Amino acid sequence: MDFAGFSASEWLLLVQYELLLFTSLFFCLGAFDELAVDGLWLWLRLSGRAVTLQLADDEDPPDPGEQSLKGRAAIVIPAWQEAAVLPTTVRHMLGVWPHANLTLYVGCYRNDGETIAAMLAENLEDPRLRIVVHDISGPTTKADCLNRLYREIEEDEQRSGEPFRMVVLHDAEDMVDRYALDLLDQALDTADFAQLPVLPIAPLHSRWIASHYCEEFAEAHGKGMVVRGALGAGLPSAGVGCAVARGQLAHLAKVRRDGMPFEASSLTEDYQLGMAVARNGGQMRFVRVRRPDGALVATRACFPDSLVSAVKQKTRWLHGIAFQGWDSLGWSASPVESWMWMRDRRGPFAASILALAYLLVVIAGLSAIASALGMIPGIILTPLLWWLLAFNLANVLWRALFRFAFTAREYGAGEGLRAVLRIPIANIIAIMAGRRAFTAYLRSFSDREVTWEKTDHVHHPVKLRTTETFA
């Protein structure tokens, strides 16, 4: 075929056809991947192996001073410029978790006087609270701050002669559940790592940006993590609401050259923690339980409410999981584990396909106009392309149904409908984050220094409860 004699309108038609075939093929491959997870989840549900347990009695929390845990628990919160939310988190956490054998370690930086001052101003006279000031200036990375807290834990164990049983990770903006710590404590009877669901808050002031995290976590922690657990695959830590056995953390520190459990240069140290425990042969458990009132026992938090901040956060996730994870973890000999890791790392590639799909929408519109004006003939679909488009359309409807169902279960039908309407916005954020993550990864080859490009937190779930509703 002689392409040289093509007119501009004919080139437009050719590009439209090739893009349509290319994106349809890859959307089809992605659909098979998702349908496999859907099928496994449905089978687990129908066979009774994926039942969310519900607490029978609304028991009162333990009395102050009661040794209700099976051993000492260390709660670690790394913080950098968190004066707006950290005091609220700490006060609420110590209030709903009155266990005497709990120690809360809050890591601040020596050059973050505002956060330190905000904590001191609260006058939290609780002997279980330890404010640990990092001896270097920040920000470094969250992993580096966690390593500083780990050193403090080791020193406390040496002084007291009593080791901790578990270490629980949380962020500065979290609202913990009153039942969470006891459930994590019970889970570590038979596991080395336990993860509770994360439940983002759906704020009224950001229905289209901050709230799009609701459906993502609802489906990921209502289906994806359940399937991974049933398959025996490693569970990626969310970095909040997760507990790791003290001995397991000590082993991870022992096998690393610097003697610390967290990779200081990692942007997603939480994800790598879960994968490291799995590689070490540790038993993992996803703890999905409902309170007597039906609400999910989960860590609740406010997520970025602007486009810029959402893209910034997801860029860090994609860079850390897809690119750094590829470099540091490689691949597993287990087919199931490799499948899950492939799903974890597909974000940048999926964003590229989405970008081409949106470009195709523009080209198709121009092509339709040119065809209506008689400049070019309408595009002719081959049988293969027709079936690909039909299958992908059916998959889009199926995906929208799942998104609605999982979101509506936790947030109500109204939010479930908005979740479907937010799909284009979520796609745009993914495209922007994918591009930024790829360029950041390329820059990392020349600039090895990694710093904590954290999300700014202004709102806190505890303070929003008077004006926001929770399903």
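Consider the candidate values (i) 24.2, 85; (ii) 25.7, 84; (iii) 22.6, 65; state which one is Rg and Dmax of the Cα atoms in Å computed from the structure displayed. Answer by label: (i). Using θ = phi - 60° in the Karplus curve 6.51 cos²θ - 1.76 cosθ + 1.60, the 3J(HN,Hα) couplings for region 102-109 round to 10, 10, 9, 9, 10, x, 10, 9 Hz; x is entered for Gly and Pro. In region 276-373, Cα pairs under 8 Å separated by at least six residues give a relative contact order of 15 percent. At a probe radius of 1.4 angstrom, the accessible area of the chain per residue rounds to 46 square angstrom. The string of couplings for region 397-414 from the Karplus curve (6.51, -1.76, 1.60, θ = phi - 60°) is 5, 5, 5, 5, 5, 5, 4, 4, 5, 5, 6, 5, 4, 9, 10, x, 4, x Hz, one whole number per residue in order, with x for Gly and Pro. Across the chain, C-alpha contacts under 8 Å between residues 6 or more apart give a mean separation that, scaled by the residue count, equals a relative contact order of 21 percent.
Ranked by the mean number of other Cβ atoms within 10 Å per residue, highest first, peptides 124-136, 298-310, 400-412 order as 298-310, 400-412, 124-136.
Nonpolar atom fraction for the chain, defined as the carbon and sulfur part of the 1.4 Å probe accessible area, stands at 61 percent. Taking all C-alpha pairs of region 238-310, those more than 21 Å from each other amount to 44 percent. Can you give the local net charge around SER160? Use residues other than it whose beta-carbon is closer than 12 angstrom to its beta-carbon, Lys and Arg +1, Asp and Glu -1. Charge balance in the 12 Å sphere: -3.
Cross-link check: pairs LYS70/LYS254; LYS223/LYS454; LYS70/LYS314 evaluated at a Cα-Cα cut-off of 30 Å; pairs beyond the cut-off: LYS70/LYS314.
The values are calculated or read from the model by the stated rules, or taken from the named source; none is laboratory data. Computed from a predicted structure; not experimentally measured. Note that each Cβ is placed from the backbone with ideal geometry, even for glycine, and that neighbours are counted across all protein chains shown. Surface areas here come from the heavy atoms of the whole protein model, side chains and all, with no ligands, DNA or RNA. Shrake-Rupley method; radii C 1.70, N 1.55, O 1.52, S 1.80 Å.
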